[in-house]
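Engineer: For reference, the structure I am asking about is given below.
The values are calculated or read from the model by the stated rules, or taken from the named source; none is laboratory data. Worth saying up front: this structure is predicted, and the values here are computed from it rather than measured. Heads up, the Cβs are rebuilt from the backbone with ideal geometry, glycines too, and the neighbour counts pull from every protein chain shown. For the accessible areas, the whole protein counts, side chains as well, though only heavy atoms, and no ligand, DNA or RNA atoms are used. Shrake-Rupley method; radii C 1.70, N 1.55, O 1.52, S 1.80 Å.
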Amino acid sequence: MKDCESGNSHADHLIVERVTKNFAGLRALDSVSLNLKRGEILGLIGPNGSGKTTLINVITGLLPLDSGRVFIGEVEITNKPPYEIARAGLGRTFQTIRLFRELTVMENVEVAAVSRGCSRKEAKRRALQAIEELGLEGWVGRLAGELPYGLERRVEIARAFALQPDFLLLDEPAAGLNEEESDELLNMLAPIPQRKGLGLLIVDHDMRLIMRLCHRLHVLSYGKTIGEGTPEEVRRIPQVIEAYLGKRAAGG
Amino acid sequence: MKTQNAILLWLKSHTTPFLLSIPLLLLAVLVQAFGGTLLIRIVTVLFINLVMVLGLQVFMGNSGILNFAHIGFMGIGAYTSVLFSMTPQAKAATLPDLYPFLRPIHLPFLPSLLIGALAAALVAALVGYALMRLSDAAAVITLFALLVIIHTILVHWSIVTNGPRTLFGVDNYTTLGISAFFGILIIFIAYLFKETPVGLKLRASRDDRYAAASIGINVVQVRWAGFVLSAFLAGFGGGLWAHFITSFSPYAFYLTETFSILSMLVIGGTGSVSGAVVGTVVVTFLREALRAIENSANIAGLFQNNLVGFTEVFLSILLILILIYRPSGILGSREIRLTSEDLRSVTASSQTDRPVPSSTKEGKHV
Ligand SMILES: Nc1ncnc2c1ncn2[C@@H]1O[C@H](COP(=O)(O)OP(=O)(O)O)[C@@H](O)[C@H]1O
Ligand SMILES: [Mg+2]
C-alpha cells in the first residue's frame, strides 16, 4: 500500500512568522514568531488566556489570522482549510477533548490513516501501531464515548499519530490527569519525536512535565512572546519569572 | 485457502446485514406463498419503505444532518422513471403536452428505475456541494427549503408531471419479489457504505467536524458523497413506489410522506442500519394495525363522528415519547451483530454439545 505512506512534505521546520490575531478588540496574538524543528519537543507555555490555544488554532487553520504567515518548510499554509493543513503534515489535539464518540477506539484512530488514502486494512495496521504506542490495546473495541477520561486524551494522541504528521501540536495533553497518569504520558511521549522524526509542540501547565520533556520553551503573555530558549535559559528570564512562574519562583 | 479464510473472517465480523435480511427474506417468502392480496400489498410497501428509510439513513445517520429533502428526491425518481417506462399510448393519454423527444421512449422497468435514481442523484450532486457547507440548524432549514422547491417544481411543471393532477397509466411492475429483492439489497448497500472509507470519514465528521478536519477529512466532500448516494437510493425507491401504486400526484412526495419515513428512521434509531430496519418494520405494521382499528371503529360507528387521523396522531405521540425517553431510537447506534464471543460459543457448543456457561457471555455489550 504505497499510496498511503505519510506523503508529507518532509520539511524540516514548521515556521510561524509574525502572526497577529484579534478577537473584537482583544489582541490575542501579537506578532508571534516561532520555529519548530523535526525531532525536537518545544514547550509553549504562558498564563491562562495568553494565547496558546489561539496560536494552535491559527496555525492549524481553525481560526483565520489577521496578519503573518505560516509555513511547513517551503510550503505556505496560511489560512488554508484545516483539512489541507492536516494533509500537509500537521497534526493536533484539542484542549477540550474532541473524539468521535460513537466510533470505536480503533475506528477513531483508523480513520486518520483512512483520510490519508489508506485502505481499511492498511489503516488498521497503522492504527494498531499508534494504539500500542499509547498503551490502548485493551480498549480497541470500546466506543470512544464510553472511555474513562484519562484514556480519552491518549486516544486523541493516537489518532494524531495515525495521521503520521511531520509536526504535532498537543494542547494541554496532561490537563486533568493525576501525577501518575501524567508521568505515564511523559514516558510515552518522550521518545516519540526522535523515533518518528516528528516535531512536537506541547502546551501544558504542568511545569514538572514541561521541564522534563521539552528541549526548548516558548513563553507567551498577553499574546506576546516574552521568552524563548532552553528550559534553563527561560527559567532565568526576569519577565518570565514575573509573568508566569510567579511569586513562588521569584521568591525561591 | 488464504483468501477463503480472509472471507470467513470478514463475514464473521460483519454479520449484521445477514441477521437483518434473513428474517425479512423469510417473511417475503411466506407472505408470497400464503398471504392474501392485502398482506402482499402491505409487505411490498414494507420493502419499498425499507429502501426509502435506509436511503435516508445513509446520509442522515452517518452525517448527523436531519434531511427533509429526501422525499423530494423520491419524487424526482418516481416521475423520471415513469417517463421512461410508460408506453407511448399511456403517455399520450395522461401527458398530452409532453416534450416530443420523450414521447416515443419506452424502456424496460429496470433501466427506467436506474434512470430515475440517476436523475435524483444528479440533482443532489448539483445542489449538494453548496448545501453541505452548512451544518446544524442552517443545514436542516435549507434542506427543508429544497423539499419545498422540488415540490413546487413538480406541481408546476405540468408538461412532464401533469401538474397537481394525478398522473395515471403507469405499469404495475413492482411485485413483492422485486421490492423484497431491492429492500434486502439496500440493507447490504447501507451497511457496507458505513464501512467504506467515505462512510467511516462521514461518521467521524458527524461526531466532531473540527476533529475530522484536523485529521485531513474534507467534511464537505464526504457529506456530499453521502448525500448523492442517499438521493440515488431515494430516487430508486421513488421508481419502485411509482410502479407499485401506478397513479400519483406531487402531493405524494411531500410532508405526509416525509413525516412517515422520518418517523420510521427516528423511532428505530438513526445511527444504525439495524435501527432503520427495525423502525421500518415496526412502524409499517403498526400503521396498518392502527388503520385497521380506525376503519373498523368507523364502520361499527363506535363514535358519533368518524375517527379521522387516529393513526397519524398515535404515531406522532409515539415519536415524541421515543424522542424524550430514547432519543437515539429503539436500537440506538449499535448494530445488531453476533460478537466474536457469540460465534465462539456457537462453535464451542456445537463441538461439545454443551451449553456455554453464561459467565463467558457477560460483559460483551457493556
Ligand atoms: N473564539 C474566541 N472569541 C473571543 N475571544 C477569544 C476566543 N478564543 C480565545 N479568546 C480570548 O483570547 C485570549 C487567548 O485565549 P487562549 O488562546 O484560549 O489562551 P490560552 O490557551 O493561553 O489559555 C483570551 O483572552 C480568550 O478569552
Ligand atoms: Mg488554552
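Engineer: Of all residues in segment A:132-145, count the ones that are open to solvent by less than 10 Å² (accessible area, probe 1.4 Å) and either polar (S, T, N, Q) or out of contact with any Phe, Trp or Tyr (no Cβ under 8 Å at 6 or more places or on another chain) (or both).
Structural biologist: Of segment A:132-145, the ones open to solvent by less than 10 Å² (accessible area, probe 1.4 Å) are A:134, A:136, A:144.
From what's left, either polar (S, T, N, Q) or out of contact with any Phe, Trp or Tyr (no Cβ under 8 Å at 6 or more places or on another chain) (or both): A:136.
Selection size over segment A:132-145: 1.
Engineer: Oh, and also: Given the criteria at pLDDT below 95, open to solvent by 50 Å² or more (accessible area, probe 1.4 Å) and more than 14 Å from chain A (Cβ to nearest Cβ), does B:Asp171 qualify?
Structural biologist: Values: at pLDDT below 95: no; open to solvent by 50 Å² or more (accessible area, probe 1.4 Å): yes; more than 14 Å from chain A (Cβ to nearest Cβ): yes.
Judged against the criteria, B:Asp171 is not a match.
Engineer: I've got another one for you. Across segment A:149-174, what is the total count of residues that are closer than 11 Å to A:Phe94 by Cβ and part of a loop (DSSP other than H, G, I, E, B)?
Structural biologist: 2
Engineer: Which residues, counting only those in segment B:174-212, are within 10 Å of chain A (Cβ to nearest Cβ), in contact with a Leu (Cβ under 8 Å, 6 or more places away or on another chain) and more than 20 Å from B:Ser328 (Cβ to Cβ)?
Structural biologist: Hits for segment B:174-212 are B:Tyr210, B:Ala211.
Engineer: Looking at A:Ala123 and the list (1) buried (at least 21 other Cβ atoms within 10 Å of the Cβ); (2) under 20 Å from the mean Cα position of the chain (by Cα); (3) closer than 21 Å to A:Lys196 by Cα, which single condition is not satisfied?
Structural biologist: (2)
Engineer: Name the one entry in B:Ser13, B:Ser21 that is touching a residue at least 40 places away in the same chain (Cβ under 8 Å) and either touching a strand residue (DSSP E or B) at 6+ places or on another chain (Cβ under 8 Å) or more than 24 Å from B:Phe236 (Cβ to Cβ) (or both).
Structural biologist: On the way: B:Ser21 fails: either touching a strand residue (DSSP E or B) at 6+ places or on another chain (Cβ under 8 Å) or more than 24 Å from B:Phe236 (Cβ to Cβ) (or both).
Every option except B:Ser13 fails the conditions.
Engineer: Then there is this: Just a yes or no: is a residue in segment A:124-141 closer than 16 Å to A:Lys52 by Cα and among the aliphatic types (A, V, I, L, M)? It would help to see each step written out before you state the result.
Structural biologist: Just the residues of segment A:124-141 that are closer than 16 Å to A:Lys52 by Cα, to begin with: none.
For segment A:124-141, residues closer than 16 Å to A:Lys52 by Cα and among the aliphatic types (A, V, I, L, M): absent.
Engineer: Among the residues of segment A:153-181, write down those that are at negative phi and more than 14 Å from chain B (Cβ to nearest Cβ).
Structural biologist: Step one: filter segment A:153-181 for residues at negative phi, giving A:153-163, A:165-171, A:173-175, A:177-181.
Passing the criteria: A:Arg154, A:Pro173, A:Ala174, A:Ala175, A:Leu177, A:Asn178, A:Glu179, A:Glu180, A:Glu181.
Engineer: Quick one: in segment A:20-33, of everything that is open to solvent by less than 60 Å² (accessible area, probe 1.4 Å) and within 16 Å of ligand 2 (Cβ to nearest atom), which residue is farthest from A:Cys214 (Cα to Cα)? Before the answer, list the steps.
Structural biologist: The initial filter retains those residues of segment A:20-33 that are open to solvent by less than 60 Å² (accessible area, probe 1.4 Å), namely A:20-22, A:28-33.
Filter once more, so that each one left must be within 16 Å of ligand 2 (Cβ to nearest atom): A:21, A:28-29, A:32.
On the way: A:Lys21: 26, A:Ala28: 24, A:Leu29: 23, A:Val32: 20 Å.
Among residues in segment A:20-33 that are open to solvent by less than 60 Å² (accessible area, probe 1.4 Å) and within 16 Å of ligand 2 (Cβ to nearest atom), the one farthest from A:Cys214 (Cα to Cα) is A:Lys21.
Engineer: Please specify each residue of segment A:108-120 satisfying the condition of being free of Cβ contacts under 8 Å to residues at least 24 places away in the same chain and open to solvent by 20 Å² or more (accessible area, probe 1.4 Å). It would help to see each step written out before you state the result.
Structural biologist: So in segment A:108-120, the residues free of Cβ contacts under 8 Å to residues at least 24 places away in the same chain come out as A:114, A:120.
Hit for segment A:108-120 is A:Arg120, nothing else.
Engineer: Please specify each residue of segment B:219-266 satisfying the condition of being within 14 Å of chain A (Cβ to nearest Cβ), open to solvent by less than 20 Å² (accessible area, probe 1.4 Å) and not aliphatic (A, V, I, L, M).
Structural biologist: Residue satisfying the conditions is B:Arg223 alone.
Engineer: Kindly provide the set of residues from segment A:146-174 that are within 16 Å of ligand 2 (Cβ to nearest atom) and touching a Lys or Arg at 6+ places or on another chain (Cβ under 6 Å), ordered by number.
Structural biologist: Once the filter is applied, which keeps residues that are within 16 Å of ligand 2 (Cβ to nearest atom) and touching a Lys or Arg at 6+ places or on another chain (Cβ under 6 Å), segment A:146-174 yields A:Leu169, A:Pro173.
Engineer: Taking segment A:41-85 as the region of interest, how many residues are hydroxyl-bearing (Ser, Thr, Tyr) and more than 14 Å from ligand 2 (Cβ to nearest atom)?
Structural biologist: Of the residues in segment A:41-85, the ones hydroxyl-bearing (Ser, Thr, Tyr) are A:50, A:53-54, A:60, A:67, A:78, A:83.
Those left that are additionally more than 14 Å from ligand 2 (Cβ to nearest atom): A:67, A:78, A:83.
Looking only at that region, the number is 3.
Engineer: Related question: Test A:Asp183 against the stated conditions and say whether it is more than 16 Å from ligand 2 (Cβ to nearest atom), of a type in the set (Asp, Glu) and buried (at least 24 other Cβ atoms within 10 Å of the Cβ). Let's see the steps before the verdict.
Structural biologist: Details: more than 16 Å from ligand 2 (Cβ to nearest atom): yes; of a type in the set (Asp, Glu): yes; buried (at least 24 other Cβ atoms within 10 Å of the Cβ): no.
When the stated conditions are applied, A:Asp183 does not pass them.
Engineer: Now for a different question. Go over the candidates A:Lys224, A:Lys196 one by one and state the one that is open to solvent by 60 Å² or more (accessible area, probe 1.4 Å) and more than 16 Å from ligand 1 (Cβ to nearest atom). Talk me through it step by step, then tell me what you get.
Structural biologist: Numbers: A:Lys224 fails: more than 16 Å from ligand 1 (Cβ to nearest atom).
Checking each option against the conditions leaves just A:Lys196.
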